[in-house]
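Chemist: Pasting in a structure now, in structure tokens, and then I'll have a few things to ask.
Read-outs: derived from the displayed coordinates by stated rules, not from any lab. Note that the structure is a prediction, hence the values are computed from the model and not measured. When we count neighbours, we look across all protein chains shown, and the Cβ atoms used for this are built from the backbone with ideal geometry, even at glycine.
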Amino acid sequence: MSLLQDIEKYQPFNQQEACDKELMIRYMMQNTDCLCRENQIAHFSTSIWTINKERTQTLMVYHNIYHSWSWIGGHADGIEDLRSVALRELQEETGVRNAVLISPEIFSLEILTVNGHVKKGMYVPSHLHLNVTYLAEASENEELIVNQSENQAVKWWSFEDALKVPEEPWFIERIYKKLIERCKTFS
């Protein structure tokens with residue numbers, strides 16, 4: 001099944017997701033380069049909301065560019081299989097190697113704004129991430145590794161604390177609260 005088909009069959013959790021789903025589908029139909037970051041207006045990214053077996057904690061990284069605790073993810077970079085990209089990003093950013101997707105289905109959709117910034121000495125203009133999130137489970141006992149090119153720290157947080165440590169209010173209110181709420185209903 002293609003990414004477009006996965007998004008089309010996804011049942012939005014709330015109004016934000018319904019709006020973002022519609023825009024993502026429309027953008028995909030009009031922009032063949034939407035999987036590549038060379039499309040500087042909007043391109044696909046993926047995130048992985050990683051939780052423990054008890055579903056009481058989530059794994060977060062302290063992101064170098066955003067100077068905030070955040071979920072884990074990265075760019076599609078031309079790869080349509082965002083599940084594999086999400087799992088690869090989890091391993092690269094945290095060292096976690098034994099995570100498993102709780103489901104192959106999309107867990108969440110969101111369109112994220114990215115402010116202009118400098119990465120590897122080059123200016124990256126403000127743009128949108130058409131983000132697809134997957135849900136994974138991992139052990140809190142697995143060794144964590146900081147990928148210093150991406151982040152400054154990696155840590156498991158209780159769901160309650162995961163809403164206190166990020167510096168981005170929009171992410172807390174619109175994304176992280178939604179992901180935690182979804183964990184309660186996702187089988």
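Chemist: State, to one decimal in nm, how far the label point of E22 lies from the label point of I65, with both points 7 Å from Cα in the Cβ direction.
Modeler: 2.9
Chemist: So, one more: Percent of Cα-Cα pairs per 5 Å bin, from 0 to the last occupied bin, for the chain, please list those.
Modeler: Answer for the chain: a P(r) of 1, 8, 17, 22, 23, 16, 10, 3, 0 percent.
Chemist: Taking the radius of gyration and the Kirkwood hydrodynamic radius from Cα positions alone, what is the Rg/Rh ratio for segment 69-116, to two decimal places?
Modeler: Radius of gyration over Kirkwood radius for segment 69-116 works out to 0.96.
Chemist: Please list 3J(HN,Hα) in residue order for segment 152-160, calculated via the Karplus relation 6.51 cos²θ - 1.76 cosθ + 1.60 where θ = phi - 60°; whole Hz, with x for glycine and proline.
Modeler: Whole-Hz 3J(HN,Hα) from phi for segment 152-160: 9, 7, 9, 7, 7, 10, 4, 4, 4.
Chemist: Quick check for the chain: number of Lys pairs with alpha-carbon distance under 17 Å, counting only pairs 8 or more apart or on different chains?
Modeler: Summing the qualifying lysine pairs gives 7.
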